[in-house]
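Where a number appears in this text, it was derived from the coordinates with a stated rule and is not lab data. Note that the structure is a prediction, hence the values are computed from the model and not measured. Quick reminder, even Gly has a Cβ in these numbers, built from the backbone with ideal geometry, and neighbours come from all protein chains shown.
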Amino acid sequence: MTTGQEASRKTRPRTPGRGVPLALLAPALLGLAFLLVPLLALLLRAPWRSLPEQLTSPGVWEALRLSLLCATTATALSLVVGVPLAWLLARTDFPGRGLVRALVTLPLVLPPVVGGVALLLALGRNGVVGQWLDAWFGITLPFTTAGVVLAETFVAMPFLVISVEGTLRAADPRYEEAATTLGASRFTAFRRVTLQLIAPGIAAGAVLAWARALGEFGATITFAGNFPGRTQTMPLAVYLALQNDPAAAIALSLVLLAVSIAVLAGLRDRWMRTA
Amino acid sequence: MIRSVRRAGKPRRVAGVGAIAVLALSGCSPSGPGSSSGPEGAGVTGTVTVFAAASLKETFTELGERFETKHPGTEVTLSFGGSDALAAGINNGAPADVFAAAGTKAMRLVTDEGNTAGRPSTFVRNRLQIATAPGNPLGIGSLDDLTASGLKVVLCDETVPCGTAAQTALTAGGVGLTPASYEQDVKSALTKVELKEADAALVYRTDVRAAGDKVEGVEFPESAEAVNDYPIARLENAPNPSAAKAFVELVQSPEGRKVLDGAGFLKP
């Protein structure tokens, strides 16, 4: 997230007469090339001629619709529980907070497939919690669209929590303290003061979580399986197409890439400039 | 998706260097160590890299161990994965000596590019079974039973061999089945049954056998319509041709056959 740099570039003029040291420039350009060349290769090798044909198959739009729906729902879910969790970690002191914080970030380092297996063991039909969901409410989550949303939330929410927690720590707590001194309850202070202060951080975290959810593969295919229109999101469609039809896989990847760029660019203009 | 199992043979490095030195000194090897392999694979040394279909994991791991015992100073590196993915790897220059696929289609991808040495030969065949929970609590006895409402069945995706076989069997039986999921490979389909998330799956009988008492296999007649041939071949650009030859010979020997039979594979 480049929100900080973007803002500072505008407010603080660059120091004139000082070139960029080569020792920084060279690795920076190498890093940039490393990130861009694979995407460029995707464009160069794209089956442009057969692209219209590839993209008019109904399966593509079904998968895209499902991807957007699930990633957005997962982001909303992450916001509802993730922001309060971030507040708890940043603003309160309780024994074992460091441990809780480490546990929250665990899905960041866990291979997503392991996350998917863990979700099956917890929320599967036979899982620790899932067997009661099935027995009491008749709800089974694996192989459903709700399962996709949960898998994506599991993987994406830590990004939001970390991002919001960082913003909260950087925000001056004295505004909240002033509000409570003036008689506001702690919740009102959170709602009326803190949320306004950290809105850009929440937006950045939400975008990050949304992007992660959109690209989610491992946890989704493990927990929710793969069925067109119900649980087959774009990354799953790309992976399976890659097995026997690389051209179709590239075409699908291009769609996902275009949508991601469009959404990220759109959001950046709307929200992040205000950071 | 490629898992690699590497076992370290103890004095292999020294032995390998020694063997090469002997060969070089004796001058009996004009075109490299490849031409010096005798009937019992004398002179076989070094690392042999085998790319094998995921369903061969148990048997080829066992055969790899036997190969190392038979030919001291060798090391077998096994790489298991989806047959098509492995074929793509080979065609893109992966340094493999032997390729064993779970279907003729994946092997054809490699032969079409001229990347096999000689014709591939079918060494085993495999057919499908219905995998159910231990004891078959729902009393599933046929493909038709899988269409019962409320039953959660998983199939392999049609892009992988076990999915193609499943569709062939379903078509042969005239059974219209809507599964809960099309899994990305046979082991994932089996896992869903092991974890009791799915009530049944169509998988290879060898996978049912390998899962031990965690699942139960149910035979069904339509599986005869969807038998998979498993071809094996040495590769054209094999870094270690003599060891490749010896490994393929071991797989096709009576000893290799016994290991494969024991796992539930059918004779070619």
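Can you tally the net charge around B:LEU63? Count Lys and Arg as +1, Asp and Glu as -1, for every other residue whose Cβ sits under 12 Å from the Cβ of B:LEU63. Surrounding charge for B:LEU63 is -1. Here the Gaussian network model covers chain A, with springs between Cα atoms less than 10 Å apart; of A:SER260, A:SER67, A:SER163, A:SER260 fluctuates the most. Note on chain A: GNM, Cα springs under 10 Å; of A:PRO107, A:PRO95, A:PRO21, the largest mean-square fluctuation is that of A:PRO21. Once you have a ≥ b ≥ c as the square roots of the Cα gyration tensor eigenvalues for the stretch B:128-225, tell me rounded if a/c is under 1.5, and otherwise prolate or oblate according to whether a/b is larger than b/c. Rounded is the answer for the stretch B:128-225, as its axis ratio a/c remains below 1.5.
Beta bridges from DSSP with both residues in the stretch B:128-225: antiparallel share about 60 percent, rounded to the nearest 5. With a cut-off of 12 Å between beta carbons, the residues surrounding B:ALA166 carry a summed charge of -4, where Lys and Arg count +1 and Asp and Glu -1. Taking square-rooted eigenvalues a ≥ b ≥ c of the alpha carbon gyration tensor, is the stretch A:57-274 rounded, prolate or oblate, where a/c under 1.5 means rounded and, failing that, a/b exceeding b/c means prolate? Since a/c reaches 1.5 but b/c is at least a/b, the shape of the stretch A:57-274 is classed as oblate.
Put +1 on the Cβ of every Lys and Arg and -1 on every Asp and Glu Cβ in the protein assembly as shown; which of B:LEU151, A:THR72, B:PHE123 then has its Cα farthest towards the positive end of the dipole? It is A:THR72. Report summary: the helix-based calculation at 222 nm, which adds -39500 (n - 2.57) for every DSSP H run with n ≥ 4 and divides by the residues of chain A, gives -23500 deg cm²/dmol.
Please give the net charge around B:VAL48, taking every other residue with its beta carbon less than 11 angstrom from that of B:VAL48, where Lys and Arg add +1 and Asp and Glu add -1. My count for the surroundings of B:VAL48 gives -1. Between amide H atoms placed 1.01 Å from N, distances below 5 Å from B:THR47 occur with B:GLU75, all of them 5 or more places distant or on a separate chain.
As a rough footprinting exposure proxy, the listed residues A:PHE223, B:PHE123 were ranked by other beta carbons within 10 Å of their own, and the order from fewest upward is B:PHE123, A:PHE223. Ordering A:TRP136, A:TRP210, A:TRP87, A:TRP48 from the fewest to the most neighbouring beta carbons within 10 Å gives A:TRP136, A:TRP48, A:TRP87, A:TRP210. Among A:ILE250, B:ILE130, the order by Cβ neighbours within 10 angstrom, fewest to most, reads A:ILE250, B:ILE130.
May I ask what percent, to the nearest 5, of DSSP beta bridges between residues of the protein assembly as shown are antiparallel? Approximately 60 percent, going by the DSSP bridge assignments.
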